[in-house]
Amino acid sequence: MSHTDPDDRPGGPADLAVQVVRLDPDLPLPSYAHPGDAGADLLTTVDVRLAPGERALVPTGISIALPSGYVALVHPRSGLAARHGLSIVNAPGTVDAGYRGEVKVLLVNLDTHKPVELRRGDRIAQLVLQRVERAHFVEVEALPSSVRGSGGYGSTGGFAST
Ligand SMILES: O=c1ccn([C@H]2C[C@H](O)[C@@H](COP(=O)(O)OP(=O)(O)OP(=O)(O)O)O2)c(=O)[nH]1
Ligand SMILES: [Mg+2]
């Protein structure tokens, strides 16, 4: 496989160094499936069986220290969502830069009929790192006007037929 961007390789200059502790040393670190992927796959350290509609807080076996000014978002994997109805209740989950506990995933089985069976080591979610701004909230009496104004919740229309 050839990569056109030399920066786009694991551990390359495009990657941000993030300290990780493996709480479960028998499982590998999170990793990107391909160069250029935004999400690093997270694994479950335990076997999980979710009945239809059931949810579970699932350990990933890692804790991380993000640089300040970053957040890690826990996103669902689309393949598991499409094939099994597996999603994340609080998607995307927010891992704060100051959090030092174990990263966990609040999985939910949205299928109406079939249970979802996960085995230790399965890739259950993906971690997307982003820079974040923090607000300095400035209270005012009235907001500046805008073209959208307070229109929302379908104010521009819905499907073509509605
Ligand atoms: O999917 C998630 C969401 C959160 N967390 C951890 C990291 C995060 O920094 C912490 C708190 O998350 P959040 O702020 O979303 O939860 P909260 O209900 O507001 O809890 P807290 O009062 O501790 O902030 O829990 C995870 O490991 N996975
Ligand atoms: Mg919170």
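The values are calculated or read from the model by the stated rules, or taken from the named source; none is laboratory data. Just so it is clear, the structure is predicted and the values come from calculations on it, not from any experiment. Counting neighbours? That spans all protein chains shown, and the Cβs are built from the backbone with ideal geometry, glycine included. These accessible areas exclude ligands, DNA and RNA; they are computed on the full protein's heavy atoms, side chains included. Shrake-Rupley method; radii C 1.70, N 1.55, O 1.52, S 1.80 Å.
Overview of results
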{"read-out": "Built amide H within the under 5 Å cut-off of residue 111, gap 5+", "value": "53"}
{"read-out": "Rounded percent of accessible protein surface that carbon and sulfur make up, the range 19-131, 1.4 Å probe", "value": "50"}
{"read-out": "In Hz, Karplus ³J(HN,Hα) per residue of the range 45-53 (6.51, -1.76, 1.60; θ = phi - 60°; x = Gly, Pro)", "value": "8, 10, 6, 9, 10, 10, 5, x, x"}
{"read-out": "Charge sum, other residues only, whose C-beta stays under 13 Å from residue 88's C-beta, Lys/Arg counted +1 and Asp/Glu -1", "value": "+3"}
{"read-out": "Mean accessible surface per residue for the range 19-131, computed with a 1.4 Å probe while every protein chain stays in place, in Å²", "value": "54"}
{"read-out": "In Å², nearest 10: area of residue 22 left accessible to a 1.4 Å probe", "value": "110"}
{"read-out": "Pairwise label distance in nanometres, residue 63 with residue 145, each label 7 Å out on the Cα-Cβ vector", "value": "5.4"}
{"read-out": "Length-normalised contact order for the range 19-131 - Cα pairs under 8 Å, 6+ apart - percent", "value": "38"}
